[in-house]
1. Run lengths n ≥ 4 of DSSP H only: what is the helix-derived mean residue ellipticity at 222 nm for the chain, with -39500 (n - 2.57) per run over all residues, to the nearest 500?
2. Report the Cα centroid-to-centroid distance between the stretch 62-109 and the stretch 281-315 in angstrom, as an integer.
3. State the label only: which of [x] 33.6, 99; [y] 23.3, 75; [z] 22.3, 86 corresponds to Rg and Dmax of the Cα atoms in Å computed from the shown model?
4. Quote the relative contact order of the stretch 71-132 in percent (integer), defining contacts as alpha-carbon pairs under 8 Å separated by 6+ residues.
5. So for the chain: antiparallel DSSP bridges make up what percent, rounded to the nearest 5?
6. Among M113, P47, G96, which residue has its Cα positioned farthest towards the positive end of the charge dipole of the stretch 42-129, with +1 placed on the Cβ of Lys and Arg, -1 on the Cβ of Asp and Glu, and the dipole taken about the Cα centre?
7. Could you state how much accessible area E402 has, in square angstrom rounded to the nearest 10, with a 1.4 Å probe and all protein chains kept in place?
8. Accessible area per residue, 1.4 Å probe, Å², for the chain: what's the number?
Amino acid sequence: MTRRMPQPAELRPLLRFRPLTLERRAARLAAAADMWDLRNIARRRTPKSAFDYADGGAGAELTVRRTREAFDSTELLPRILHSTAAADLTTTIAGGSSALPFGIAPTGFTRFMHAEGEDAGAAAAAAAGIPFCLSTMGTRSLEEIARCGDTATVRNPHGPGRRWFQLYLWKDRERSADLVRRAEANGFDTLLVTVDTPVAGQRFRDVRNGMTIPPQLTLRTVLDASYRPEWWFNFLTTDPLHFASLSNTSTDLSTLINSMFDPTLSLQDLEWLRSIWPGKLLVKGVLTAEDTRRSLEAGADGLVVSNHGGRQLDRAPVSLKALAEVRQEAGPNVEVLLDSGVMSGADIVSALALGADFVLIGRAYLYGLMAGGQQGVARAIALLEEETRVAMMLLGTATIAELQTSGQVRVPWLPHKTGVRPEGIAAHAR
């Protein structure tokens, strides 16, 4: 090997450093390569009790782990020499358009994770042209989210994102009806009725962290927050934390849920909701063929295959594995959404190819929120969008409809043939 002295002209391009910036949040978020990086940022910047509320599951968290294992076991089959110049991620769901094949799932107690809370989620979703779903246990009201979505700056050709509302049925039916009327009056076009929460799941992380509404300050929580000054400052200088759609109360989460929500929810209640809600109605928490059939008979327009992110019944079926059974029972013309455990564009592509029409993100959205407020949510959406786009192009699928009928995802729990859509899943065109 012959050696020589390097020339200045050759060194100059190698010595270009990234410019320093005072926008530390933007720089921190830009350095996140995927959702797991955002999760690591979130864990560093958020007190343990708040982070664990978003990150944890029920019981031994077996369902949470099994959900991740199911997504990781999927196999994507690329098509070579198949001309795909671009991937179109637009789709339609629940009677409207979405710029991306995923939206933001309903999450409770959101401003505890970050002071911007649902405001950040609604604004980022509106800017991206995707649905944002507000929870009954949200920390912003229906009216506040409507104002936030209307004033968000939207710079995309698809127009503003849509507003959905997730309803837990209360024991007080008139209060439930009032929420439904308020949702309609404020431009929420789709109602998600969650049916897997007759009582609160046993979330041991929350028990150990002493989670209450509002948070009760202890020496441990003060010390935990002391080296997270931004979260602490935001918590103390913004309006008090409470469930905006519920009464102000100070109690532990499981007691609140068990006192407010109705374990006697039945098909008749679902039929009653159908009679008073004029928009699209989706039942969230369906995992079996029997519940698919019963929900559709009661008037549901669509279904959300969900195990509540593993936060209710531990050892419940994994949503991705239950998807085939629900799709087969529902048939090709019923819209089926997938919820629980989505952390990447590959996860989204897998769900769509295995029978879902649309995907909801919950924890992934909260990791972005905890990492950097509205900017963090926007970064989470952008990461998932780019990962989905790249995966579709590497698969050789140009549209969501083409992906859904491609048969290019294989999983160990379904019979399959290479390049053929797994048996038992109806190919469904829009």
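The values are calculated or read from the model by the stated rules, or taken from the named source; none is laboratory data. Owing to the predicted nature of the structure, the values given are computational and were not obtained by experimental measurement. A quick note on method: Cβ atoms are made from the backbone with ideal geometry, for glycine too, and the neighbour counts reach across all protein chains shown. Heads up: the accessible areas ignore ligands, DNA and RNA and are worked out on the full protein's heavy atoms, side chains in. Shrake-Rupley method; radii C 1.70, N 1.55, O 1.52, S 1.80 Å.
1. My calculation for the chain gives -13000 deg cm²/dmol from helical runs alone.
2. 19 Å
3. Computed from the coordinates, Rg and Dmax of the Cα atoms in Å corresponds to [z].
4. Details: 44 pairs, mean separation 17.5, N = 62.
So the answer I get is 28 percent.
5. Details: 9 of 39 bridges.
So the antiparallel bridges in the chain amount to around 25 percent.
6. Among M113, P47, G96, the one farthest towards the positive end of the dipole of the stretch 42-129 is P47.
7. About 60 Å², ignoring ligands and nucleic acids.
8. Averaged over the residues of the chain, the accessible area is 44 Å².
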